[in-house]
Amino acid sequence: MGTTPDGGHQLKPGLKQRHLTMLSLGGVIGAGLFVGSSAIINQAGPLAFITYAITGLIVLLVMRMLGEMAAAKPCSGSFTDYARMAWGEWAGFSTGWLYWYFWVIVVGFEAVVGGQMINKWIPSIPVWAIALTLMMVMTAVNLLSVGAFGEAEYWFASIKVVAIVAFITVAALFVFGLWPGANVDFGNFTDHGGLLPNGLATLFIGVVVVIFSMTGVEVVTIAAAESAEPAKSIRKAVNSVVFRILAFFVISTFLIAVIVPWDSVVPGESPFVAALDRIGIPGTADLLNLVILVAVLSVLNSGLYTSSRLLFVMGGRGDAPAWMTSTNKRGVPVKGILSCTVVGYGCVVLAALFPDTVFLFLINASGAVFLFVYFMICISELRLRRRWEKENPGGLEFRMWLYPGLPILVTVAIVAVLVSMGLRDANRIELMQGVAVWVVLTVIYLVKKRARTARGSRDLDTARSADVETPPSPVHPS
């Protein structure tokens, strides 16, 4: 994909396969694993790893469905375009803006989290100033080129992956008695209330929380459109990355539950630090905080990329202003990136001024929004699969398993998670605020559609009037 010398309307293929693989990892492995897992372990007990396994399976299957569509027809709009193809303009419009909303809010949130972390090391600099600085640095990286973005994300994600692999290695040696002074002991599974101290239901209730910590793997299907071989890149990334993520979450949580009593894990405090302290490795807290900071920068980086590419695609579809489609000589949608950073800067300001009201509303609403996007991916695949198989008698190159039974089952699982959010006091506000955002977007779409229809009618009337008022041209004899 090229671009014109003075800035055109095309993205450039600057991402390599290693960039795509690490990009999808980078969007998932973050504070949700390093810190958020504490709440799951404290709630579900020693079998918390089963909650991660159930959630990981749902994400795996959703990604398989998305991968099927993306391999068949790769495009920068990814699931927003597939929703449009399957269910019409409203579906494409609302899914695109829902996902954009999710990522720009995440960008602002991660900037604030990064500011809070650095502020602990340098308390003389206010959180908002650090957050704005982090935003500016990541903006500069994204403005350079898609290759610069990919390279930055590659190294960010690499650090996180190395950290998790190192943890799993050390913890496994300790658990199986191969670490100096360690003995094989699985007593923490039975000595503190048993395997299910808080009941079987807690294993499934935790899915509501865990699924948000696994968001981001779908970014690879958007980024693949800026690679040399989109279909091949998507197939490799979906097949390899999701299984690795499943292993990272499930194995690390299992090892933590063996090493640390589940009832000693404090929600909000990293269970990874607790496990490494139990093993006897000094300085783990500072080391892990550094890894979490890298995770924050990684999510900031991928969030700016994803949200700006969505604006680029939606601008081309007429769902966003047309000027969002302009790119510079390097194929970078500069105006789209800057527009997303403006929202990010606004979130940082709101976090400083209204941390418990406006900013809290934005964060809460973003949680359910992501599940709405997953739901749209599922129902889009269910409709498009039959249509595309008729268009391609030879069959699709990359397929979802056990169609249509398994896709229907996954769709029902997503709906069940949303329903459980509505039934739980802790999550009901997130669901209602997410629904409010979707309703607002639907109203905007209807107003926009009516205005476009009215404009079209006026143009047609004007054209008819011109035809009536224009006298016929005189006929000259030959």
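Please compute the length gained on full extension between residue 349 and residue 408, using 0.36 nm multiplied by the number of residues separating them and subtracting their Cα-Cα distance. Let's see the in-between values first.
Values: separation 59, 0.36 × 59 = 21.24 nm, distance 4.23 nm.
Contour length minus Cα-Cα distance gives 17.0 nm.
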For this session: With only alpha-carbon atoms counted, please give the Rg and Dmax of segment 15-144, in Å.
Result: 18.5, 53
Exercise. Using 18 Å as the cut-off for backbone N distance, which residues of segment 131-147 belong to the label zone defined by a point 7 Å from the Cα of residue 334 along Cα→Cβ?
Worked result: 136-147
Problem set entry | CD proxy at 222 nm, helix term only [per DSSP H run n ≥ 4: -39500 (n - 2.57); per residue of the chain; nearest 500] | -24500 deg cm²/dmol
For this session: Give the Kirkwood hydrodynamic radius (Å, one decimal) of the chain, defined as one over the mean of 1/r across all pairs of different Cα atoms.
Result: 23.8
Exercise. Short version: ³J(HN,Hα) in whole Hz for each residue of segment 328-334, in order, from phi by Karplus 6.51 cos²θ - 1.76 cosθ + 1.60 (θ = phi - 60°), x for Gly and Pro, what are they?
Worked result: 8, 5, 8, x, 9, x, 4
For this session: Calculate I(q)/I(0) for segment 113-265 by the Debye formula, one identical point scatterer on each C-alpha and no solvent, and give its log10 at q = 0.11 Å⁻¹ to two decimals.
Result: -0.71
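Please give the peptides 47-58, 158-169 ranked by average Cβ packing (other Cβ atoms within 10 Å per residue), highest first, as a rough proxy for protection. Show your work: numbers first, answer last.
On the way: 47-58: 22.0, 158-169: 16.8.
Packing proxy ranking, top to bottom: 47-58, 158-169.
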For this session: Report the Stokes-Einstein translational diffusion coefficient (µm² s⁻¹, integer) for segment 376-431, Rh taken as the Kirkwood radius over Cα pairs, at 25 °C with viscosity 0.890 mPa s.
Result: 188
Problem set entry | segment 123-137 - phi-based ³J(HN,Hα) in whole Hz, Karplus 6.51/-1.76/1.60, Gly and Pro as x | x, 6, 9, x, 4, 5, 5, 5, 4, 5, 5, 4, 4, 5, 5
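If R₀ is 41 angstrom, what is the calculated FRET efficiency for the pair residue 356 and residue 176, using the beta carbon separation as r and rounding to 0.05? If you can, show how the numbers build up before the last one.
Values: r = 46 Å, r/R0 = 1.12.
Calculated transfer efficiency: 0.35.
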For this session: State the extension gain, in nm to one decimal, for the chain segment bounded by residue 389 and residue 212, taking 0.36 nm per residue of separation less the distance between their alpha-carbons.
Result: 60.5 nm
For this session: Measure off 7 Å from each Cα along the Cα-to-Cβ vector at residue 286 and residue 247, then give the distance between these two points in nanometres to one decimal.
Result: 3.3
Seminar exercise, completed: Set 160/236; 232/448; 73/160; 16/329; 335/448; 160/329, cut-off 27 Å on Cα-Cα distance; pairs above it are 232/448; 73/160; 160/329
Exercise. Which percent of the Cα-Cα distances in segment 226-342 go past 17 Å?
Worked result: 72
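Quick one: accessible area per residue over the chain, 1.4 Å probe, rounded to a whole number of Å²? All intermediate terms of the calculation are to be shown ahead of the outcome.
On the way: 20170 Å² over 478 residues.
Spelled out: the 1.4 Å probe surface of the chain, per residue, equals 42 Å².
Which percent of the accessible area of the chain is formed by carbon and sulfur heavy atoms (probe 1.4 angstrom)? Walk me through the numbers before you get to the answer.
Working: 13660 of 20170 Å².
The C+S portion of the solvent-accessible surface of the chain is 68 percent.
Go through 257-264, 80-87, 171-178 and give me the packing order, highest mean Cβ count within 10 Å leading.
Details: 257-264: 19.9, 80-87: 23.4, 171-178: 16.5.
Highest mean packing first, the order is 80-87, 257-264, 171-178.
The values are calculated or read from the model by the stated rules, or taken from the named source; none is laboratory data. What you are looking at is a predicted structure, and each value in this text was computed from that prediction instead of being measured. Cβ: placed from backbone, ideal geometry, glycine included. Neighbour counts: every protein chain shown. All accessible areas refer to the heavy atoms of the entire protein, side chains included, with ligands and DNA or RNA removed. Shrake-Rupley method; radii C 1.70, N 1.55, O 1.52, S 1.80 Å.
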